[in-house]
Amino acid sequence: MRKTLLASVAALAVVPALAACTENASGDRDEKGGNARALTVSSSGDACELSTSEAPAGTLTFEVTNTGSDVTEFYLLGGDGLRIVGEVENIGPNLTKKLTVNAPEGEYFTACKPGMVGEGIRAAFTVTHTEDAQEVSASDQELIDQAQDNYRAYVQDQSAQLLVRTRDFVEFYKSGNADDQARQLYPVAREHWERIETVAESFGDLDPKTDAREADVDFAAGEEWTGWHRIEKDLWPQDAKGYTALTEQERATYADDLLVNTEELDQRIQATGADALTYSITDIANGSIGLLEEVANGKITGEEEAWSHTDLWDFQANVDGARVAYEGVQGLLETKDAALAEELTGKFAALQTLLDEYRDGEGFVLYTALTKDDTKKMTDAVNALSEPLSKLTAAVAS
Amino acid sequence: MGAAAGVAGAFAAGRLSAPDTVKSGAPVASYPFHGARQSGIVTPAQDRLHFVALDVTTDDRDQLVALLKAWTDAAARMTTGRSAGPVGAVDGAGNAPPDDTGEALDLPPSRLTITFGFGPGLFTDADGNDRFGIAERRPDALERLPRFSGDVLEPARSDGDLCIQACADDPQVAVHAIRNLVRIGFGTTTVRWSQLGFGRTSTTSTSQSTPRNLFGFKDGTANVKAEEAAALDTHVWVGADDDPRAAWLAGGSYLVTRRINMTIEVWDRQSLEAQEQFVGRTKGTGAPLSGGEEFTDPDFAMAGSAGPIIPVDAHVRVVHPEVNEGVRILRRGYNFVDGSNDVGGLDAGLFFIAYLRDPRTHFIPLQRAMSSSDALMEYLRFTGQALFAVPPGTGEGEYVGQALFEA
């Protein structure tokens, strides 16, 4: 998953077209027998040539080739010339990209934007009525708005809880006489980070300071290791050969640094106005996919919590975050691909049932208690969910 | 790239016949073992690899030299399609094991090349001993590579006192070569690790098309190629004055190997657009995202809608000569699949092989840049690495590395 910064509200959010999914159905051939919903666009420095200015309602594919010498973009705009129904950007010279978009009957504009400036080279575009195109669901926009609001609230809530627990954790750790409490709180506080990890680690400056594992640090190149896992090693030094415990002063330095960075993270997540983070449907869906990727890449291998072995707490938290993000767009998905929604709901439940087998008291068994057989079963369950989940973004954004 | 074809002569001199790509029914090419340079470096990359790293178990210099002589003889025989030993697989005494193992008996040479390299441990062992009286000739740059961030190196897949790279278009021919050379070495050397590669991931000649790695992308488009004589002198061959202690290495090269596991299953779930952003090229043609065709130079300054159109962490940018002080390397890696791991994932990736003039300028900074800022790192796990000094070619009547032991 790409770790790009989320857009602030100032940026244009692409809103999926308000239409139910319609696969290219038979009977929609153009006069030459080709697929009337597959269009080509040639974008040059001064022209925007479409293979046709009319197409039947449904899922349209615009294959956009840049024949000019500047980077170009292609837009399908609503009849008002403002609403972006779909866009494809960053098409380098001589390259081709596809825009797949669900368009109900109506009047539109197409626009090529060579050089990525101005309002582009525009032309009217008509989507005609067809019998097989399903009725537009007027509630889709509501579903989208609701999903975006809910997800923002979820991320903000988790971030706030992370901050509170990090404060407590840092206090315990710094005091020097409450290591047991610190150890107990460590996986619990980190759950809040792991639930929103794809958002948290999108801040490329904060992530390496707070969540770097020892193996990620290039000590030979002079990098310094700070954050959660630095403190983790100090609290669980049993497996660390020849480890020298941190002094009281060093403890304070690492603890304060963690808290400052967590405060900064929370500030950015809670920001309002022009600095507020927004989560598009694509961001939310990608967030769900990304959290499962975190499970596959780090937690299931026991590499995340190399000293405390509390990887299953992180595992559960990643799954929590992925499920919440999925459930946020589930309503929308049901209008577009009900079968996928059903499959995902089932696979999330199956993974949870498996994870529940490893609960121990308030938390989980340690990673070191897992057998090869256990990790194989977990991997299978993660694969079974991740594969269909990887289709989520394309499904909800079409 | 596009270097003049005329300069190819110097490096093509060792070749017996023309075709670079052998298809069934086509005339078979072979390369002689002896020559000014070792073959298997600028030789048009063959399709298959068997690579072995060995440790020397003796302290006896004469025994080591005797082995290098025996290896030279066997390599010279096998690269021309003959048996490893002078008798052969079926022509010897019935009451003795044959001096060739026989599995290549009916096979053509398949463009087999055998390339030898010397690791740091040959000069000074782990306890600091100069076992063979060559410590003072150890090249300055021949030091154990540092660990890079994100590395999960396994000792059993790293380092080695010696290495042998066997490349051929038929995997059985490459395996046959390593198997017989290892056999000859028993009592003097022990195998530390070995690696099979089933598909080349680089082109080392402009006559070859760019192959794909297991991410599905064309790889090594910007490789130094055999036809670029000046670039080879600047970036691949050790110069005569590079290291006064190691004059024996002049005209040779350094060989870096990195076993790069790919997290295949996770990669496969990335959207096409994300994959292309990680790499910085299109998956179809291999054109840079700044446009054009495969061999169009990437335009790193070209703006996209949010930041440069080739992202700052795209692989093509991070390792490109333009942002690495002009440094280029000759890559000669192979795709590998070593079955599946214990949770059912493919144990697969790219066995990175690069030949370069000096690891301190041509590899360590590049790998450091990649480890710290390459978007692909999320999908890579480095499980082994090694560095070897590759002596220049072996003249007729000489043995490999002779200048190191007898100059």
So, first residue within 8 Å of chain B (Cβ to nearest Cβ) in the stretch A:206-224, second residue assigned to a helix (DSSP H, G or I), Cβ within less than 7 Å, six or more apart or across chains; the pairs are A:D218/B:R368; A:D218/B:S371; A:D218/B:S372; A:A221/B:R368
Options A:A220, A:A182, A:A189: the member that is more than 21 Å from A:A271 (Cα to Cα), open to solvent by 40 Å² or more (accessible area, probe 1.4 Å) and in the same structural domain as A:E294 (by TED's automatic domain parsing): A:A220
Which number in (1) open to solvent by 10 Å² or more (accessible area, probe 1.4 Å); (2) within 14 Å of another protein chain (Cβ to nearest Cβ); (3) among the aliphatic types (A, V, I, L, M) marks the one condition that A:I121 misses? (2)
What about B:G291, is it over 30 Å from B:A53 (Cβ atoms), facing another protein chain (nearest Cβ under 9 Å), open to solvent by less than 20 Å² (accessible area, probe 1.4 Å) and not in a strand (DSSP E or B)? yes
Which of the residues that make up the stretch B:226-264 are more than 30 Å from B:N213 (Cβ to Cβ) and without any contact (Cβ under 8 Å) to a residue 40 or more places away in the chain? B:A240, B:D241, B:P244
Does A:Q316 satisfy the condition of being surrounded by fewer than 22 Cβ atoms within 10 Å (Cβ to Cβ) and in contact (Cβ under 8 Å) with a residue 12 or more places away in the chain? no
For a quick check of your reading of the model, give me the residue pairs whose first member lies in the stretch B:326-344 and is within 14 Å of another protein chain (Cβ to nearest Cβ), whose second is of a type in the set (A, V, I, L, M), with beta-carbon atoms closer than 7 Å and at least 6 apart or on different chains. B:S340/B:L346
Between residues in the stretch A:236-262 that are assigned by TED's automatic domain parsing to the domain that holds A:S175 and touching a residue at least 40 places away in the same chain (Cβ under 8 Å) and residues that are acidic (D, E) and open to solvent by less than 50 Å² (accessible area, probe 1.4 Å), which pairs lie under 8 Å by C-beta distance while being six or more apart or on different chains? A:R251/A:D234
Which of the residues spanning the stretch B:353-383 are within 20 Å of B:L196 (Cβ to Cβ) and either more than 14 Å from the chain's Cα centre (by Cα) or part of a loop (DSSP other than H, G, I, E, B) (or both)? B:L380, B:R381, B:F382, B:T383
I'm checking my understanding of the structure. Among residues of the stretch A:297-307 that are farther than 16 Å from A:A200 by Cβ and crowded, with 22+ Cβ neighbours inside 10 Å, which one is nearest to the other protein chains (Cβ to nearest Cβ)? A:I300
Would you check which residues across the stretch B:270-287 are in contact with an Asp or Glu (Cβ under 7 Å, 6 or more places away or on another chain) and at the interface with chain A (Cβ under 10 Å from one of its Cβ atoms) and list them? B:T282, B:T285, B:A287
Given (1) touching a Pro at 6+ places or on another chain (Cβ under 7 Å); (2) among the small types (G, A, S); (3) under 15 Å from A:L206 (Cβ atoms), number of the condition A:A245 does not satisfy: (3)
What single numbered condition from (1) hydrophobic (A, V, I, L, M, F, W, C); (2) open to solvent by 50 Å² or more (accessible area, probe 1.4 Å); (3) more than 30 Å from B:A229 (Cα to Cα) fails to hold for B:V323? (3)
Quick one: which residue in B:G220, B:G199, B:G150, B:G160 is of a type in the set (G, A, S) and open to solvent by 20 Å² or more (accessible area, probe 1.4 Å)? B:G150
Which ranges mark the helices (runs of 4 or more DSSP H) fully within the stretch A:221-312 that have 2 or more residues being over 30 Å from A:D149 (Cβ atoms)? A:228-235, A:248-270
For A:T282, only one of the following conditions fails: (1) open to solvent by less than 10 Å² (accessible area, probe 1.4 Å); (2) within 14 Å of chain B (Cβ to nearest Cβ). What is its number? (1)
Which numbered condition in (1) within 14 Å of chain A (Cβ to nearest Cβ); (2) open to solvent by less than 10 Å² (accessible area, probe 1.4 Å) is the only one that B:D313 fails? (2)
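The values are calculated or read from the model by the stated rules, or taken from the named source; none is laboratory data. Keep in mind that this is a model prediction, so the values were computed, not measured. In this analysis, Cβ positions are derived from the backbone assuming ideal geometry, glycine residues included, and neighbour counts consider all displayed protein chains. Surface areas here come from the heavy atoms of the whole protein model, side chains and all, with no ligands, DNA or RNA. Shrake-Rupley method; radii C 1.70, N 1.55, O 1.52, S 1.80 Å.
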